[in-house]
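Shown next, in C-alpha cells, is the structure this report addresses.
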Amino acid sequence: MDGSDQRVDSLARLGGPAGYGSYAVTKRIGVLDRNLSLTGMKLLDLGCGNGCYTQELMLRAAWVCGLDIQMSNLTAFRNATPRLQGVGENLPLSSASLDAITMIEVLEHTASNAKVLQECMRVLRPGGFLILFVPNKLYPMESHPCHLGRFSIGKNVPFAS
C-alpha cells in the first residue's frame, strides 16, 4: 500500500457519507435553500460521498458534478450524475468555470485546508459562492464515527469533538 492508499484508508475511517433522505441531508439542504438560490448555476459538490447531497443539489442547480477521493463512494450514487474521482487540493477543473462549490462536512477531512480553499477560489467565477458546512467544536456530541485505534465506538459520542 503506498502513501495515497493509506491516506484514503485513514480518511475513510474519519466518517462515512450521510444517508439518502436522512435528517442531516434535510437539515443542511434546508439551510442552503433559505440562504441562496442555485437556479441556473453550475456547481461542484466537493467531497460528494455517495451522492445524497448531490442528488438534492441537482434539483436546484442547472448542472452539478460530484467529486470524491473514494471510488467506492462514487459508485454508490443512485442517479446518473456527472462525477469525478479527485481531491480538493488539486481540482481537475478549469479556472473560473463554476458558479458555486459545496463542501458539506468535508473541509475537516482534507490534507490542507489552505490548498483546498485556494483551489476553490481558482475554479470559481468572480462572484461565485463557496458553501461550507463544518462541524461545530462547541456542540456536545460528535457526529462523525469515533475510533480508538481500529476499534469504532460509534458516533454521537459526548464531548469527543
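FYI, it's all coordinate maths here, none of it is from the lab. Bear in mind that the values here come from a model prediction, so they are computed numbers and not experimental data. Cβ: placed from backbone, ideal geometry, glycine included. Neighbour counts: every protein chain shown.
In order along region 79-89, phi translates into HN-Hα couplings of 9, 8, 7, x, 8, 9, 8, x, 10, x, 6 Hz, rounded to whole numbers, per the Karplus curve 6.51 cos²θ - 1.76 cosθ + 1.60 with θ = phi - 60° and x for Gly and Pro.
For region 13-105, the ratio of Cα radius of gyration to the globular rule of thumb 2.2 N^0.38 Å stands at 1.01.
Rounded to 0.05, the FRET efficiency of the Tyr23 and Asn79 pair, given R0 = 22 Å and the Cβ-Cβ distance, is 0.60. Fewest-first ordering of Ile104, Ile29 by other beta carbons within 10 Å of each residue's beta carbon gives Ile29, Ile104.
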